[in-house]
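What follows draws every value from the coordinates through simple rules; no lab data is involved. Quantities reported herein were computed from a predicted structural model and do not represent experimental measurements. Using ideal geometry, Cβ is built from the backbone for each residue, glycine included, and neighbour counts are taken over all protein chains shown.
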Amino acid sequence: MSLIKSISGIRGTIGGKVNDNLTPLDVVKFASAFGTWLQNTQNKKNLTLVIGRDARISGEMVSSLVTATLQGLGINVVDLGLSTTPTVEIMVPELNADGGIILTASHNPKQWNALKLLNGKGEFISGDDGAKVLALAESEDFNYAEVDDLGKYETRDDAFDIHIQQILDLPMVDVEAIKAKKFKIVLDAVNSTGGIAIPMLLDKLGCETIKLYCEPNGQFPHNPEPLKEHLGDICELVKKEKADLGIVVDPDVDRLALIDEKGEMFGEEYTLVAVADYLLKHKKGVAISNLSSSRALRDVARSHDSEYFASAVGEVNVVNLMKEKNAVIGGEGNGGIIYPDLHYGRDSLVGAALFLTHLAKEDKTVSQLRVGYPEYFMGKKKIELTPEINVDDILTKMEKEYQNEEVSTVDGVKIDFEKNWVHLRKSNTEPIIRIYTEAHSQEEADKLGDDIIAKIKSLI
């Protein structure tokens, strides 16, 4: 069991001892720190925060603790109840709120929960701001409101309707084209809030939805991370039902995985690739992903006479680079679609709507669409080093060793070769170098990883 405090929020397992796990006292302390930081930075009274939660078992308890703490600080709370990460992000500016808290541990198992922190734009707070919140939590320098100044509390039950309508109103979402196809779709929502939101969207798009694990009770029927090894049930059901495709989302609905009509994975890296292909075909511009995402996005961008740039790993870093480059589309290779015409956050709902528009207009099956994209395979390895070895020195030596290649040091060391790449990142918690590779075959990707490990060992 553990408690992870980071600049993006606090995450931990429910129960156990204070400061070791996500206990009620830890929830109260961190909610107090975020609320106090907002009060210190906003030149106004009567602050309002939007909160929402996924369906995990501890959600109601954690939500009650957060709500009462914020009210105790004199902050008004608008509670969306069962919601999704992108829905909370959209509702913060929609309600002119001063920030938000999403109660979700994303793809972690059911014993985990977390507080994810949003600014007044409905975007994750910056690293600098997160560090200030952490410092406040450590100092416990809180000043709670007197009885006449307690925050007010209200609920909203229209957030999904607002979110979905904003998606339907997007010019690049062709509702009529999707309706004409009458897609039959199997949905695996891992018994969380995607089981509420995604069917509402698909119904508006004229699709038939076959629900699998769509009861929002927090009892995850399989590991909630949408990876191939966890998705055997939906792959079988897509084939059995002769569906056009399968849609898989994680518990907070910010990651989108797709299954083709044959019951095969579309590939988590290729959700973003397909959506970018559609958007850049109609508007030349910039596509962004992180350094550990597939080269296929770069290839597709170039095929549309558009540019591609890579950020450091992490959603905040992707968003910052998207804003800097005024990107048309961005995201992460884990199925996270960020469409700035809607908002700067990973959003499975808008991702699904854009993908279905693309599929309808191309008049292809999902497998036919997938065949049209460059074929890449990824490998992931790590090399453990003794504690006395300086990982930064090793990375510097690797940068020098491959100085004649295209090298990026934005986040660790990434070496782009002509036909493949390797990305080396150090662990923040142990003397380990994580090694990500990509090539045109799995064997080549794995061999590149082994070759890089051998090179690192020769430099120690």
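Worth pointing out:
- Calculated FRET value between residue 441 and residue 418, using beta carbons and R₀ = 22 Å, to 0.05: 0.90
- Averaging 1/r over each pair of different alpha-carbon atoms in segment 279-376 and inverting the result gives 13.7 Å, the Kirkwood hydrodynamic radius.
- Couplings 3J(HN,Hα) for segment 350-359, derived from phi with the Karplus relation 6.51 cos²θ - 1.76 cosθ + 1.60 (θ = phi - 60°), are 5, x, 5, 5, 5, 5, 5, 4, 4, 4 Hz, where x marks Gly and Pro.
- DSSP beta bridge pairing in segment 163-371, given as percent antiparallel to the nearest 5: 35 percent
- Volume per residue of the C-alpha convex hull in segment 37-138, rounded to whole Å³: 101 Å³
- Note: relative contact order over the chain, using C-alpha pairs below 8 Å and six or more positions apart, is 11 percent.
- Over every Cα atom in segment 345-460, the radius of gyration and the widest Cα-Cα span, Dmax, amount to 18.3, 58 Å.
- Of all DSSP bridge pairs formed entirely within the chain, close to 60 percent run antiparallel.
- Cα-based Rg and Dmax for segment 163-371, where Dmax is the largest Cα-Cα distance (Å): 15.8, 46
- For segment 30-143, DSSP calls about 35 percent of its internal beta bridges antiparallel.
- Where labels lie 7 Å past Cα in the beta-carbon direction, separation of residue 408 and residue 211 in nm: 4.1 nm
- Taking segment 189-296 and dividing mean pair separation by its residue count, relative contact order in percent (alpha carbons under 8 Å, at least six apart): 22 percent
- Evaluating 6.51 cos²θ - 1.76 cosθ + 1.60 at θ = phi - 60° for every residue in segment 161-169, the Karplus couplings come out as 4, 5, 4, 5, 5, 4, 5, 5, 7 Hz, glycine and proline recorded as x.
- Cut-off under 5 Å, modelled amide H: who pairs with residue 153 long-range: 77
- In sequence order, segment 58-67 has phi-based couplings of 7, x, 5, 5, 5, 4, 4, 5, 5, 4 Hz under the Karplus curve 6.51 cos²θ - 1.76 cosθ + 1.60, θ = phi - 60°, and Gly or Pro positions carry x.
- Averaging 1/r over every pair of different alpha carbons in the chain and inverting the result gives a Kirkwood radius of 23.0 Å.
- Rg/Rh ratio calculated on Cα atoms of segment 195-268 (Kirkwood radius): 0.92
- 222 nm mean residue ellipticity, helices alone, for the chain (DSSP H n ≥ 4; -39,500 (n - 2.57); rounded to 500): -12000 deg cm²/dmol
- Cα-based radius of gyration of segment 413-460 once divided by 2.2 N^0.38 Å, which approximates compact folds: 1.16
- Segment 125-234: trypsin sites (Lys or Arg not before Pro) falling in loop per DSSP and having at most 13 other Cβ within 10 Å: 152, 182
- Averaging the sequence gap over all C-alpha pairs within less than 8 Å and six or more residues apart, then dividing by the number of residues, gives segment 336-460 a relative contact order of 24 percent.
- Cβ-based net charge around residue 93, under 10 Å, with every Lys or Arg adding one and every Asp or Glu removing one: -2
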